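Note sheet for the following structure.
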Amino acid sequence: MSMTEQMAERQGRVLGELAELGLAFARDLKARVEAVTSVADAEKLALAFHRVTRTVRLTLALESKLARERHEIGRLDRAGARQATYERKGQVRAVVSRDIWNETEGEAAEALIEALDERLEEDALFANFLDGPVEAAIARIRADLGLPANDGANDPAPSEAFPPTPWRSSA
């Protein structure tokens, strides 16, 4: 469990406990207001009840806000992963399909391109598709398709082949 997940879990537990304590205290104050005979005492207890119930409402609102923020962060993480997967597939496809057309012809090339597309769709289903450098993914797929190893002599530098995007820095 990551540090952020641990913190979110702890915050949830603490906010839940605070809400329960505040609610119990508010119930106790309500019972005391109903039992009191002095107007001054009733006013003091009513003010305390108002403050406690406001605190409970604020606690619940904060709990809800944090849950929405965690959901939004998760949504953004998933969107970033989808974008990174889309980019990785495009990068691998561009390089390997260029190599296929340079090294084979006709129906053989078309069959390899089809196999490449199927392989990319399958590989993209797994979280480790984005692990490691793109060059390693290219080499692995080239080998799986039965293409000869590429010495990289004719390839552009990685920074030229894959310019930085908002999701990936050039470093």
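Which one of these is without any contact (Cβ under 8 Å) to a residue 60 or more places away in the chain, more than 20 Å from Thr4 (Cα to Cα) and assigned by TED's automatic domain parsing to the domain that holds Glu135: Arg88, Arg54?
Arg88
Of all residues in region 102-125, which are of a type in the set (A, V, I, L, M, F, W, C) and either more than 15 Å from Gly146 (Cβ to Cβ) or not in a helix (DSSP H, G or I) (or both)?
Leu120, Ala124, Leu125
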Scanning region 28-52 for residues that are modelled with pLDDT under 85 and among the polar types (S, T, N, Q) gives Thr37
From (1) loosely packed, with under 11 Cβ neighbours inside 10 Å; (2) touching a residue at least 12 places away in the same chain (Cβ under 8 Å); (3) charged (D, E, K, R), pick out the condition that doesn't hold for Arg119.
(1)
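So that you can scan it fast, the table gives a plain yes or no per residue for (1) over 22 Å from the mean Cα position of the chain (by Cα); (2) of a type outside the set (A, V, I, L, M); (3) assigned to a helix (DSSP H, G or I):
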| residue | (1), (2), (3) |
| --- | --- |
| Thr4 | no, yes, yes |
| Glu17 | yes, yes, yes |
| Leu23 | yes, no, yes |
| Ala46 | yes, no, yes |
| His50 | yes, yes, yes |
| Leu58 | yes, no, yes |
| Asp99 | yes, yes, yes |
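The values are calculated or read from the model by the stated rules, or taken from the named source; none is laboratory data. None of these values were measured; they are calculated from a predicted model. Virtual Cβ from ideal backbone geometry, glycine too; neighbours counted across all protein chains shown.
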